[in-house]
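The values are calculated or read from the model by the stated rules, or taken from the named source; none is laboratory data. These figures come from a predicted structure and were not determined experimentally. Heads up, the Cβs are rebuilt from the backbone with ideal geometry, glycines too, and the neighbour counts pull from every protein chain shown.
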Amino acid sequence: MASPPPSPTVAPADGRLGILCVGLGAVTTTLIAGVELAKRGEGELVGSLAEMGTIRLGKRTDDNVPRIRDFVPLADLDQIVFGAWDPYPDDAYTAASRAGVLDQARHLEGIADALRAIQPMPAAFDPAYVKRLEGTNVMASVDKRAMLDQIRADIATFRDENLCDRVVMIWCASTEVYIEPGPAHADLDAFEAAIDANDPAIAPSMLYAYAALQEGIPFANGAPNLAVDTPVLRTYADQQGVPICGKDFKTGQTMIKTVLGPMLKARMLGLNGWYSTNILGNRDGEVLDDPENFKTKEQSKLGVLEDVLEPDRFPALYGDVYHKVRINYYPPRGDNKEGWDNIDLFGWLGYPMQLKVDFLCRDSILAAPLALDLCLFLDLAQRAGLGGIQEWLSFYFKSPQVAPGLYPEHDLFIQLTKLKNTLRWLQGEDPITHLGMDYYLSD
Ligand SMILES: NC(=O)c1ccc[n+]([C@@H]2O[C@H](COP(=O)([O-])OP(=O)(O)OC[C@H]3O[C@@H](n4cnc5c(N)ncnc54)[C@H](O)[C@@H]3O)[C@@H](O)[C@H]2O)c1
């Protein structure tokens, strides 16, 4: 087995880190409010591995388990400054109030001034890609070259005005309509020509991602639309040495699927069907109510089980699985999603069983910590000189971006092991393989 490459030198996390969020909706405002409250000692960043997690070093008997934040150099919360684009003109306070995720009196009033200070920049927005929204805070033109140039100008202004030493960008905007990677995304010449021709294959998310890479800024994609997941931008990120990752935050039902799916397979239990349905009443749910936007999400949610279960390798167990995913827009629930799973499985000699899951979750409460971790870890990757796809961040995504020819690893705990081994490698520590023979074999 090849030994790992030498550990890189990681530059310190000195100076200010700008986090540019595309979209100032439920997830972004919940992220910003949480960080602001935590900075004041008024909130715990529950759900953030970077902030609350630990990492074992060495043997189990060594009792050496530092906090991740103390082990790798991450930007301090005090050093973070936020900016955003959104087609709605609401500042972060108004947008957070409207999203209705956080309790107004308990979590918004005390930080109202800090939130009001975050005004969204006019968005590179084209309603052809997000059917249900009609924003007024948009760039002057939907000409793609003009939007690209304006995003780059906005980044430069944000960086200068906020005295940022480093910047990362994260897509927390609405899910765009479904687009297949095609000739326009093959290489830079084709991509540039498609921008000039206002080719519909170039979505606004791709312009944000391209602008970020041109400016040397890492890019994470929290939604299922392609954005940076095209051959051209993957290659460009490699060439520029800029870290990228995506797609689609793995928060609720799919997180559960990537725990229960591997569980069934680990025990060689069979599966006849998996029916997943959701009710969701926030703006995300409204956008996903449109069939073209839902198709993008559906692809991201459906692929997971097939990759996990490998029906070709285990036809007797998984050769005939009926998998259905539904999202129903239901305004009374707001951001409080309810996700039901009905799982029809079978065991010894084919005897059927059922498993039901009813997850009454809070979408943005689950997504905000992932967004924070991704920004902190992408910044770490950049300081470690890691460019291109950061597969070790698969832990956070429904459709993890991987190198061409690789299948994505979906199992949440394999993803976690990979993430922690990457952190160990970055700091020159041995990976943990869980072999553990040294506890039992004497010399
Ligand atoms: N648990 C979760 O919350 C979760 C999980 C996985 C993925 N996501 C994805 O994260 C994204 C954000 O979710 P949300 O709940 O915050 O949605 P939201 O609708 O509250 O916010 C999205 C914001 O993006 C803005 N927007 C749309 N197009 C834009 C553009 N071109 N440029 C700038 N802004 C734009 C919208 O106006 C809106 O304010 C969605 O795509 C969602 O599918 C969320």
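If you take the residues of the stretch 167-193 that are surrounded by 15 or more Cβ atoms within 10 Å (Cβ to Cβ) and free of Cβ contacts under 8 Å to residues at least 40 places away in the same chain, which of them is nearest to the ligand (Cβ to nearest atom)?
The qualifying residue nearest to the ligand (Cβ to nearest atom) is ALA184.
So is PHE359 part of a helix (DSSP H, G or I) and among the aromatic types (Phe, Trp, Tyr) or not?
When the stated conditions are applied, PHE359 does not pass them.
Which residues, counting only those in the stretch 392-414, are in contact (Cβ under 8 Å) with a residue 60 or more places away in the chain, farther than 14 Å from ASP248 by Cα and either of a type in the set (Gly, Ala, Ser) or crowded, with 17+ Cβ neighbours inside 10 Å (or both)?
Residues satisfying the conditions are ASP411, LEU412.
I'd like to check something: does the stretch 401-417 contain any residue that is under 22 Å from ILE244 (Cα atoms), outside any strand (DSSP E or B), in contact with a strand residue (DSSP E or B) (Cβ under 7 Å, 6 or more places away or on another chain) and not aliphatic (A, V, I, L, M)?
Checked the stretch 401-417: at least one residue is under 22 Å from ILE244 (Cα atoms), outside any strand (DSSP E or B), in contact with a strand residue (DSSP E or B) (Cβ under 7 Å, 6 or more places away or on another chain) and not aliphatic (A, V, I, L, M).
Cβ contacts < 9 Å: first residue more than 27 Å from LEU24 (Cβ to Cβ), restricted to the stretch 341-368; second residue in a helix (DSSP H, G or I) and within 16 Å of the ligand (Cβ to nearest atom), any location; separation 6+ or different chain. Result?
ASP341/GLN253; ASP341/ILE256; ASP341/LYS257; VAL357/GLN253; VAL357/ILE256
Can you go through LYS265, LYS301, LYS297 and tell me which one is within 26 Å of GLN401 (Cα to Cα), at pLDDT 80 or above and not β-branched (Val, Ile, Thr)?
LYS265
Residues of the stretch 194-235 being more than 15 Å from the ligand (Cβ to nearest atom) and either in contact with a strand residue (DSSP E or B) (Cβ under 9 Å, 6 or more places away or on another chain) or of a type in the set (D, E, K, R) (or both), which ones?
ASP196, ASP199, LEU213, GLU215, GLY216, ILE217, PRO218, LEU233, ARG234, THR235
Residues checked against (1) closer than 23 Å to LEU360 by Cβ; (2) within 16 Å of the ligand (Cβ to nearest atom); (3) in contact with a Lys or Arg (Cβ under 7 Å, 6 or more places away or on another chain); (4) not acidic (Asp, Glu):
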position: ALA237; (1), (2), (3), (4): no, no, no, yes
position: LYS250; (1), (2), (3), (4): yes, yes, yes, yes
position: GLU292; (1), (2), (3), (4): no, yes, yes, no
position: VAL325; (1), (2), (3), (4): yes, yes, yes, yes
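Limited to the stretch 139-188, what total is found for residues that are touching a Pro at 6+ places or on another chain (Cβ under 9 Å), over 30 Å from LYS301 (Cβ atoms), among the aliphatic types (A, V, I, L, M) and not in a strand (DSSP E or B)?
2
Exactly one of (1) within 16 Å of the ligand (Cβ to nearest atom); (2) more than 30 Å from ASP160 (Cβ to Cβ); (3) under 21 Å from the mean Cα position of the chain (by Cα) is unmet by GLY53. Its number?
Going through the list (1) within 16 Å of the ligand (Cβ to nearest atom); (2) more than 30 Å from ASP160 (Cβ to Cβ); (3) under 21 Å from the mean Cα position of the chain (by Cα), GLY53 breaks only (1).
Within the stretch 223-282, track down each residue that is polar (S, T, N, Q) and in a strand (DSSP E or B).
ASN272, SER276, THR277, ASN278
Is the stretch 379-386 home to any residue that is more than 16 Å from the ligand (Cβ to nearest atom), more than 14 Å from the chain's Cα centre (by Cα) and surrounded by fewer than 19 Cβ atoms within 10 Å (Cβ to Cβ)?
Within the stretch 379-386, one or more residues are more than 16 Å from the ligand (Cβ to nearest atom), more than 14 Å from the chain's Cα centre (by Cα) and surrounded by fewer than 19 Cβ atoms within 10 Å (Cβ to Cβ).
Scan the stretch 87-111 residue by residue and report those that are within 16 Å of the ligand (Cβ to nearest atom) and not in a helix (DSSP H, G or I).
If the condition is that a residue be within 16 Å of the ligand (Cβ to nearest atom) and not in a helix (DSSP H, G or I), then PRO87, TYR88, PRO89, ASP90, ASP91, GLY100, VAL101, LEU102 are the ones that fit.
Do we find that ALA75 is under 22 Å from the mean Cα position of the chain (by Cα), part of a helix (DSSP H, G or I) and either at negative phi or within 16 Å of the ligand (Cβ to nearest atom) (or both) in this structure?
It is false that ALA75 is under 22 Å from the mean Cα position of the chain (by Cα), part of a helix (DSSP H, G or I) and either at negative phi or within 16 Å of the ligand (Cβ to nearest atom) (or both).
Being assigned to a loop (DSSP other than H, G, I, E, B), free of Cβ contacts under 8 Å to residues at least 40 places away in the same chain and surrounded by 13 or more Cβ atoms within 10 Å (Cβ to Cβ) is the filter here; which residues of the stretch 117-138 pass it?
Across the stretch 117-138, the qualifying residues are GLN119, PRO122, PRO127.
Looking only at residues that are of a type in the set (D, E, K, R) and outside any strand (DSSP E or B) in the stretch 322-356, which one is surrounded by the fewest Cβ atoms within 10 Å (Cβ to Cβ)?
Ranking the qualifying residues of the stretch 322-356, first place goes to ARG333.
Mind checking which residues of the stretch 11-25 are part of a loop (DSSP other than H, G, I, E, B) and within 16 Å of the ligand (Cβ to nearest atom)?
Selection gives GLY23, LEU24, GLY25.
Taking GLU44 as the residue in question, decide whether it is without any contact (Cβ under 8 Å) to a residue 60 or more places away in the chain, within 10 Å of the ligand (Cβ to nearest atom) and exposed (fewer than 13 other Cβ atoms within 10 Å of the Cβ).
Here the answer is no, as GLU44 does not meet what is asked.
From ALA114, ALA84, grab the single residue that is over 30 Å from GLY436 (Cβ atoms) and not in a helix (DSSP H, G or I).
Within the list ALA114, ALA84, the selection yields ALA84.
Determine, yes or no, whether ASN282 is touching a strand residue (DSSP E or B) at 6+ places or on another chain (Cβ under 8 Å) and within 29 Å of GLU176 (Cβ to Cβ).
In short, no.
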